[in-house]
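Here the structure is laid out as structure tokens; the discussion comes afterwards.
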């Protein structure tokens, strides 16, 4: 029995949905103006389309918003899920639907083109990929990325940069030959096969196979030396040195000589920043980043799949392994499609441990930092900040412009080492000198609400207290606690943001009521759907995904989270060292300080041998032996 549509405005579609075929295909959602607002693929059309209209209240904000606008739909049946995937990608590019994530300016991404069928191939910059049999490398994120790569190639490999017709009969070579940037096939100094060998080296280098190139050139150098062609041997030696200098800067990330791509992203629900690391022969040979627009409350797994569809459709450089930050929804379909594109098996994996997880983490960190920098660049424009403040005042019905905004977050590990953070932004700019951190003292278990109540109580009870009292409390406080200053705690914010949902807001509201605070606006921001909760307002507020106001409070919330995490890690690290070395037999404060200074960390102490520890000033063989026995080490 078909499930009844839950949204009245779509009820007229019920019978049509029930009649959809149980076949793979693509569906196109339209609004009342017949405009396509979303394109999706499905292994079973009826099941997928019906799912949008079931229990709408449990769906994410993007789906709820989209479904309310659906007035009609179309569908196209395909022969297989792989064909549906291809068709979906083409239709997204064609119609650019509002609710679909897509690569920004995907038609203009540049490539490096090498056509080895040419008699004397050149290396081209191009923005078009044609089915002409040439080799294309890319896409690159920008034209500058291509030009930097081509400039490097020209320094490493002596191929021609001219466009003249090569006859081999020119009287003399150009300057590039004399500075060893070309082997001058125009004058006959190099044969067609010798020139093609140079081009093959360029191709291998772009594919990450630098070791084979060095091995080959080293053989040519030895041969030239044996034939007493010392000048040629010296040129080849310098070329080897240049290539090795470049490859030494490439990070070795695997001892297995693996070829893989690493994909991770950061999403601010407006656009997503995707980092792509290229690993070839176990080395990180390059990285590119791409922006995806239309990432409106999009699930990260879907975003990665959408990126893979659009990126790998236009590149022929597809490795056997693709490591992703989140598992994609249609792994088998995507793997089969990639296999049909490149001709070999491709495995899409989401690592959970080991060096592969470390690579994912590094790519994700780069994506997050890059997106933060993009936000900071935006916030540096004063007119944008004022616009954000005005929008925030209107959207949240604030009594005054939020010039000073404070944000609070809690961080812990399974209830241990709980800490709180307070960050301050004035007119869109971080006031780092007024950031404060709190060691949670009254909560022993996992209880973010109680921790938030403690932090806010300790911060806001000081409003109105005399300056002398503040100084006294500061002098009596422990160094591990917050740094009390009059400037920090007597300034009154126009808006306080709590990182969390309705429960966190209620905890904060309880503190404000107990302290009699009525003139400070309060809200909370839930990260999952970027919902803004307000006191006495039952429904969450959704700021427009393209609004400067959302951009501003996201930036502030993320900074509070970063500050809390940093302090939490510092405390956890200090307590870890304290719990081990401070209770070790024969190790007092002086010896502990010397050990950590010489060996760098507790890990360094653990890995050091008894003899190495005994050589440190103040330590003896006996004390070193006792310490290693206590730490559970051997020799």
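Looking across the stretch 275-313, the residues that are closer than 29 Å to residue 60 by Cβ and assigned to a loop (DSSP other than H, G, I, E, B) come down to 294, 295, 296, 297, 298, 299, 313. When the test is whether a residue is modelled with pLDDT under 50 and either closer than 26 Å to residue 555 by Cα or surrounded by 15 or more Cβ atoms within 10 Å (Cβ to Cβ) (or both), residue 502 does not pass it. Among the conditions (1) farther than 27 Å from residue 285 by Cα; (2) surrounded by 15 or more Cβ atoms within 10 Å (Cβ to Cβ), residue 175 misses just one, which is (2). Restricting attention to the stretch 130-161, the residues that are in contact (Cβ under 8 Å) with a residue 40 or more places away in the chain and closer than 19 Å to residue 312 by Cβ add up to 8.
Here are some conditions: (1) touching a strand residue (DSSP E or B) at 6+ places or on another chain (Cβ under 9 Å); (2) crowded, with 18+ Cβ neighbours inside 10 Å. Residue 388 meets all but one. Which one does it not meet? Evaluating residue 388 over (1) touching a strand residue (DSSP E or B) at 6+ places or on another chain (Cβ under 9 Å); (2) crowded, with 18+ Cβ neighbours inside 10 Å leaves (1) as the failure.
Whenever a residue of the stretch 496-524 is in the same structural domain as residue 460 (by TED's automatic domain parsing), its partners that are surrounded by fewer than 17 Cβ atoms within 10 Å (Cβ to Cβ) and assigned to a strand (DSSP E or B), lying with C-beta atoms within less than 9 angstrom and at least six residues away or across chains, give the pairs 523/541. Residue count for the stretch 422-465, restricted to those that are assigned to a strand (DSSP E or B) and touching a strand residue (DSSP E or B) at 6+ places or on another chain (Cβ under 9 Å): 10. Against the numbered list (1) in contact with a helix residue (DSSP H, G or I) (Cβ under 9 Å, 6 or more places away or on another chain); (2) surrounded by 15 or more Cβ atoms within 10 Å (Cβ to Cβ); (3) at pLDDT 85 or above, residue 592 comes up short only at (3). For the stretch 193-213, filtered to residues that are surrounded by fewer than 18 Cβ atoms within 10 Å (Cβ to Cβ) and in contact with a helix residue (DSSP H, G or I) (Cβ under 7 Å, 6 or more places away or on another chain), the residue that is modelled with the highest pLDDT is 204.
Screening the candidates 157, 137 for the property of being modelled with pLDDT of 80 or more, crowded, with 19+ Cβ neighbours inside 10 Å and within 24 Å of the chain's Cα centre (by Cα) yields one hit, 137. Each residue in the stretch 309-333 was checked for being crowded, with 22+ Cβ neighbours inside 10 Å and either under 15 Å from the mean Cα position of the chain (by Cα) or free of Cβ contacts under 8 Å to residues at least 12 places away in the same chain (or both), and 3 pass. Taking (1) touching a helix residue (DSSP H, G or I) at 6+ places or on another chain (Cβ under 8 Å); (2) surrounded by fewer than 18 Cβ atoms within 10 Å (Cβ to Cβ); (3) part of a strand (DSSP E or B) in turn, residue 74 satisfies each apart from (1).
Give just the number: which of (1) buried (at least 16 other Cβ atoms within 10 Å of the Cβ); (2) without any contact (Cβ under 8 Å) to a residue 24 or more places away in the chain does residue 92 not satisfy? Tallying (1) buried (at least 16 other Cβ atoms within 10 Å of the Cβ); (2) without any contact (Cβ under 8 Å) to a residue 24 or more places away in the chain, residue 92 fails exactly one: (2). Can you find, within the stretch 47-63, the residue that is modelled with the highest pLDDT among those that are assigned to a loop (DSSP other than H, G, I, E, B) and surrounded by 18 or more Cβ atoms within 10 Å (Cβ to Cβ)? Of everything passing the filter in the stretch 47-63, 52 is modelled with the highest pLDDT. Considering only residues in the stretch 105-129 that are surrounded by fewer than 13 Cβ atoms within 10 Å (Cβ to Cβ) and at pLDDT below 80, the one that is nearest to residue 317 (Cα to Cα) turns out to be 128.
Residues that are modelled with pLDDT under 80 and touching a helix residue (DSSP H, G or I) at 6+ places or on another chain (Cβ under 8 Å) within the stretch 602-630 comprise just one, 602.
The values are calculated or read from the model by the stated rules, or taken from the named source; none is laboratory data. Everything numeric here is computed off the predicted structure, so don't read it as measured data. Positions of Cβ are generated from backbone atoms using ideal geometry, with glycine treated the same way; all protein chains shown enter the neighbour counts.
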